[in-house]
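> Questions regarding the structure given below will be posed in turn.
Since every read-out is calculated from the coordinates, none of them should be taken as a lab result. Note that the structure is a prediction, hence the values are computed from the model and not measured. So basically every Cβ, Gly included, is an ideal-geometry build from the backbone, and we count neighbours across all protein chains shown.
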Amino acid sequence: MKAQQASGFTLTEVLVTLTVISIGMLALGSFYVSSISQEGIAQERLAAVHMAEQLIEDWQQLIIRQHRNAPWHLKERRQVNWW
C-alpha cells in the first residue's frame with residue numbers, strides 16, 4: 001500500500017505563524033498608542049510656542065509705544081535693540 005501525501009499545514013506551523021502575527025500586532029498597537037501620546041505633546045508644545053510668540057510681539061509693541069511717547073530729549077539716548 002502506498003503512503004498518502006498529506007497536504008496543508010501542521011499544528012506547529014500554524015502556532016508559530018499565529019505567534020509571529022500576534023507579536024507584530026502588539027508592536028503595531030504599541031506604536032499607535034505611542035504616536036497618539038506624542039501627538040498630544042506636540043500640540044501642547046505648539047500652543048506654548050504660539051503663546052510665547054504672542055508675548056514677545058506684545059512686549060515689542062509696548063517698547064515701541066513707550067519709545068514714541070517718550071519726551072524728545074530721551075528718544076536720542078534710548079536705543080531699541082531687536083536682537
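> Could you please report the charge total around Met51, scoring K, R as +1 and D, E as -1 over all other residues with beta-carbon less than 14 angstrom from its beta-carbon? Mind dumping the intermediate values first?
Numbers: positive: Arg45; negative: Glu44, Glu53, Glu57, Asp58.
My count for the surroundings of Met51 gives -3.
> Loop-only check: which chymotrypsin sites (Phe, Trp or Tyr not before Pro) in segment 8-67 are DSSP coil with at most 15 other Cβ within 10 angstrom? Can you show the working numbers first?
On the way: sites: Phe9, Phe31, Tyr32, Trp59; in loops: Phe9.
Listed in order of number, the matching sites are Phe9.
> Treating only the Cα positions of segment 11-74 as identical point scatterers, give the base-10 log of I(q)/I(0) from the Debye formula at each q in 0.14 Å⁻¹.
-0.68
> Hey, fewest Cβ within 10 Å first, where do His67, His50 land in order?
His50, His67
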